[in-house]
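Visitor: Dropping a structure here in structure tokens format, bear with me for questions.
The values are calculated or read from the model by the stated rules, or taken from the named source; none is laboratory data. For clarity, every value in this text was computed on a predicted model and none was experimentally measured. Every residue, glycine among them, receives a Cβ derived from its backbone with ideal geometry; neighbour counts consider all protein chains shown.
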Amino acid sequence: MGRLRFLTAGESHGPALAATVEGIPAGLPLVAEQIAADLARRQRGYGRGARSTSIEQDRAEILSGVRHGLTLGSPILLLIRNRDWENWTRVMQVEPLSEVEAGELAALAAAGDKKAAPITRLRAGHADLAGAAKYGFDDVRNVLERASARETAARVAAGAVARALLSALGIDVWSYTTEIGGVALDPAAATRTREQTEASPLRCPDAVAEERMIARIDEARSAGDTVGGIFEVVARGVPMGLGSYVHWDRRLDGALAGAVMSIPIVKGVEFGLGFEQTRRFGSAVMDVIDGRDPQGGWLRRSNNAGGLEGGISNGQPIVIRGAVKPISTLPRPLPSADLLTGQPVEKAHYERSDISVVPAAGVVAEAMACLTLADFALEKFGGDSLSELLDNAARFRERTAHAPSAPSENAPRRQAGGEAEDVIPAESE
């Protein structure tokens with residue numbers, strides 16, 4: 001990232017998760033309730049497990065970077081305490097174990113306490129084997145604690161800060177569920193309002209399809225299995241001109257794809273029509289430009305590109321779709337192998353798990369999209385304070401709402417920004 005940076009810290013069963021967000025301009029209104037709303041949305045959804053729905057009730061404390069409800073321009077530190085920590089204090093303690101404490105853990109493990117026992121039975125689909133090999137661990141607990149999707153709560157908190165900045169710029173980001181376990185919504189039947197969709201079990205705008213999705217989740221639960229799906233994120237109000245075609249790492253589509261793909265359970269990302277474009281002729285894919293509207297915006301006949309052309313936002317809604325794999329931790333574990341012996345075992349390790357997390361994954365994708373769009377907006381418009389940022393954005397929008405002046409025959413041509421280009425006078429005949 002450029003102007004906006006964020007880092008998360010913490011383990012799944014440690015004392016807390018934390019996020020540091022740096023680059024937010026001064027003067028942005030921000031209170032804990034704004035962050036709490038998104039954290040609550042991440043925890044909801046049919047198919048979630050007990051930890052998400054009852055044990056943890058996430059709330060972020062703002063510990064720095066905000067005074068009297070306004071950001072200061074300094075790094076913002078967010079803390080989300082893990083309520084389940086009280087059950088893991090010995091297993092996850094930071095300080096070295098004394099002989100007595102190590103003996104206590106060994107005794108608990110011998111008595112059948114799964115939390116106290118080292119984890120060596122590997123789980124396919126997780127970072128268990130690759131992570132243990134990379135860092136030289138003999139206990140997979142060291143891997144799964146950080147590789148856990150619990151870390152995404154800190155991302156959502158950071159994303160809520162970015163969302164507040166985007167909102168000030170008139171940009172809105174929202175997601176919904178489009179498919180679970182092969183059951184997809186019907187766009188023509190997606191008639192629920194945003195409020196109705198948010199209140200529904202799977203955050204799906206098609207009520208009939210949602211009933212079938214729920215049945216699919218129940219089927220997976222009965223079989224001791226899990227199920228994946230697809231979410232869609234739509235960002236409206238994104239101005240034309242964020243990103244660049246100049247270098248690969250300045251392309252907005254590449255940054256958004258990487259951000260959404262960084263979510264542990266996401267295995268595919270597409271924009272607009274995505275892979276469907278490969279099945280059509282070009283004439284049925286390109287978004288025909290019909291000219292300007294009375295307000296100076298550009299009219300299109302479609303949005304198959306998903307709001308992105310040449311690595312740059314084109315003023316249309318940005319549409320991102322993410323493929324969510326089935327959760328790797330199965331209630332009925334698959335056969336596996338032991339990390340230490342290399343020998344087959346009948347069942348892989350089982351850690352408390354959900355059946356489906358597609359609606360929650362959509363909320364995490366919103367956060368990653370918000371963080372990415374905010375970073376690119378800051379790069380484009382700059383500003384150390386919110387008022388400066390908004391002024392810069394307003395001037396850009398005003399300029400792009402009007403066509404550049406046509407050059408006269410004898411006048412030097414001008415760039416869109418207004419500076420004259422060097423021209424060679426035409427030779428007299």
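Visitor: Within the set of pairs 6 or more residues apart or between chains, which connect a residue that is of a type in the set (Ser, Thr, Tyr) inside segment 99-126 to a residue that is at pLDDT 95 or above and part of a strand (DSSP E or B) with Cβ atoms less than 7 Å apart?
Guide: Thr120/Asp338
Visitor: Restricting attention to segment 284-302, which residues are within 29 Å of the chain's Cα centre (by Cα) and either within 21 Å of Lys380 (Cβ to Cβ) or among the β-branched types (Val, Ile, Thr) (or both)?
Guide: Across segment 284-302, the qualifying residues are Val285, Gly297, Trp298.
Visitor: Can you go through Leu299, Leu273 and tell me which one is out of contact with any helix residue (DSSP H, G or I) (no Cβ under 7 Å at 6 or more places or on another chain) and more than 30 Å from Ala153 (Cα to Cα)? Full working, then the answer.
Guide: Numbers: Leu273 fails: more than 30 Å from Ala153 (Cα to Cα).
None of the other options fit; the residue is Leu299.
Visitor: Right, another one. Please tell me if Ser283 is out of contact with any Lys or Arg (no Cβ under 6 Å at 6 or more places or on another chain), surrounded by fewer than 19 Cβ atoms within 10 Å (Cβ to Cβ), farther than 30 Å from His126 by Cα and among the hydroxyl-bearing types (Ser, Thr, Tyr).
Guide: Values: out of contact with any Lys or Arg (no Cβ under 6 Å at 6 or more places or on another chain): yes; surrounded by fewer than 19 Cβ atoms within 10 Å (Cβ to Cβ): yes; farther than 30 Å from His126 by Cα: yes; among the hydroxyl-bearing types (Ser, Thr, Tyr): yes.
Taking the combined requirement at face value, the residue satisfies it.
Visitor: Among the residues in segment 270-280, are any surrounded by fewer than 19 Cβ atoms within 10 Å (Cβ to Cβ), without any contact (Cβ under 8 Å) to a residue 40 or more places away in the chain, of a type in the set (S, T, N, Q) and farther than 28 Å from Glu366 by Cβ?
Guide: no
Visitor: Then there is this: Being out of contact with any strand residue (DSSP E or B) (no Cβ under 6 Å at 6 or more places or on another chain), in a helix (DSSP H, G or I) and more than 30 Å from Ala32 (Cβ to Cβ) narrows it down to one residue among Ala107, Ala116, Ala124; which is it? Full working, then the answer.
Guide: Values: Ala116 fails: in a helix (DSSP H, G or I); Ala124 fails: in a helix (DSSP H, G or I).
Result: Ala107 is the single residue among Ala107, Ala116, Ala124 that is out of contact with any strand residue (DSSP E or B) (no Cβ under 6 Å at 6 or more places or on another chain), in a helix (DSSP H, G or I) and more than 30 Å from Ala32 (Cβ to Cβ).
Visitor: Restricting to segment 139-185, name every residue that is under 18 Å from Arg352 (Cβ atoms), under 14 Å from the mean Cα position of the chain (by Cα) and either among the charged types (D, E, K, R) or at pLDDT below 95 (or both).
Guide: Ala149, Arg150, Glu151
Visitor: A further question on this structure: Of all residues in segment 127-140, how many are more than 16 Å from Ala337 (Cα to Cα) and assigned to a helix (DSSP H, G or I)?
Guide: Looking only at segment 127-140, we keep the residues that are more than 16 Å from Ala337 (Cα to Cα), and these are 134-136.
Filter again for assigned to a helix (DSSP H, G or I), leaving 134-135.
Counting residues in segment 127-140 that are more than 16 Å from Ala337 (Cα to Cα) and assigned to a helix (DSSP H, G or I) gives 2.
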